[in-house]
Ligand code: G6P
């Protein structure tokens, strides 16, 4: 029941702060600067023996999986990457005994992800689930994992489950990091950031009216780019995915650094770019790329942090709170949900049930 809300997607977006609190509850250990994830069923020795992490998911779960893999690599210094579960099984993957495989899924019923889990298990690999629906097929098949506690999600376009996936990865990264070289001080710094996150999400959601106005302008374009680099690239991918899913506009994600190697040819007054520009070691390079877009008259919407100097460019600027750099991706993602939502609303689409798509894909 969407209650007073005009759609489930809007209801679920607004539920994100409360959902975020649920996934963190009882799992943060401030004293030791770590996380407790009982459902993983791994003692410190086993946790330490992990040499590589491979994340598998589909659609938005795959993109948030990329964010999660970077987080694990950054905090635990374990090589980590994400792959579309729908592709994984078909390339006869090498399964390594000291790799931790992570299957990520809201529904726990996506058949491509389930089959990837079975492929790993058939070859003797260890796989855990990051799943929202308790007792779902993927949760049962994995046996061990992290439940996301986002609550029921109805809209096809995933919002609160995605945010909780990111937070689930943050907890996993903390635990993997703290049995290695992540200091207690860094662990505590992250915990403080995680505790502040629900309120920061609320702050972004409070910008809805301004974002709705921007979205209406973006909805007029036939084609858009979403760009970001490194930590910002999966954010751009997820932003483009949401936008195309519900607005039916062509939205393409690109690494900002790759624009000059091809897509710059398409930039014009008619093709806006939504750029993710966090305050980090790449800000200056990102801003230089924005100048390249502006020089070709490409309209720019920039999702960034307060204090970032955009060099006098004429852009629509959206600031999100800056907690800890590791947590940037999720806060940068929230305004992109609102942009997609309001573009679709402006165009009069059925937001909760976009054409040709299903909430959970249970066929190969
Ligand atoms: C479908 C939905 C997507 C979702 C994907 C994975 O394609 O349309 O929104 O991200 O499945 O779903 P899951 O339940 O595995 O997270």
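In the range 255-290, what count of residues is obtained for those that are crowded, with 22+ Cβ neighbours inside 10 Å and assigned to a strand (DSSP E or B)?
Selection size over the range 255-290: 5.
I'm trying to understand the selection: among the residues of the range 151-177, which are more than 11 Å from the chain's Cα centre (by Cα), more than 16 Å from residue 65 (Cβ to Cβ) and more than 10 Å from the ligand (Cβ to nearest atom)?
151, 152, 154, 174, 175, 177
Only residues that are more than 16 Å from the ligand (Cβ to nearest atom) and either touching a helix residue (DSSP H, G or I) at 6+ places or on another chain (Cβ under 6 Å) or in a helix (DSSP H, G or I) (or both): list them for the range 219-235, please.
219, 226, 227, 228, 229, 230, 231, 232, 233
Of everything in the range 93-105 that's crowded, with 24+ Cβ neighbours inside 10 Å and either more than 9 Å from the ligand (Cβ to nearest atom) or in contact (Cβ under 8 Å) with a residue 60 or more places away in the chain (or both), which residue is nearest to the chain's Cα centre (by Cα)?
Filtering the range 93-105 for residues that are crowded, with 24+ Cβ neighbours inside 10 Å and either more than 9 Å from the ligand (Cβ to nearest atom) or in contact (Cβ under 8 Å) with a residue 60 or more places away in the chain (or both), the one nearest to the chain's Cα centre (by Cα) comes out as 104.
Of all residues in the range 301-324, count the ones that are surrounded by fewer than 20 Cβ atoms within 10 Å (Cβ to Cβ) and within 20 Å of residue 339 (Cβ to Cβ).
11
To keep it simple, each residue is scored yes or no on (1) free of Cβ contacts under 8 Å to residues at least 24 places away in the same chain; (2) more than 16 Å from the ligand (Cβ to nearest atom); (3) in a loop (DSSP other than H, G, I, E, B).
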residue: 308; (1), (2), (3): no, yes, yes
residue: 317; (1), (2), (3): yes, yes, no
residue: 323; (1), (2), (3): no, yes, yes
residue: 327; (1), (2), (3): no, yes, no
residue: 332; (1), (2), (3): no, yes, no
residue: 339; (1), (2), (3): no, yes, no
residue: 349; (1), (2), (3): no, no, yes
residue: 355; (1), (2), (3): no, no, yes
residue: 361; (1), (2), (3): no, no, yes
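Do we find a residue being closer than 21 Å to residue 39 by Cβ, within 18 Å of the chain's Cα centre (by Cα) and either away from the ligand (no atom under 16 Å from the Cβ) or not in a helix (DSSP H, G or I) (or both) anywhere in the range 199-213?
The answer is no; no qualifying residue exists.
Just checking, which of 141, 119, 109 is under 30 Å from residue 343 (Cβ atoms) and either within 13 Å of the ligand (Cβ to nearest atom) or touching a residue at least 24 places away in the same chain (Cβ under 8 Å) (or both)?
Among 141, 119, 109, only 109 is under 30 Å from residue 343 (Cβ atoms) and either within 13 Å of the ligand (Cβ to nearest atom) or touching a residue at least 24 places away in the same chain (Cβ under 8 Å) (or both).
All of the numbers you see were taken from the coordinates with simple rules; none came from a lab. None of these values were measured; they are calculated from a predicted model. When we count neighbours, we look across all protein chains shown, and the Cβ atoms used for this are built from the backbone with ideal geometry, even at glycine.
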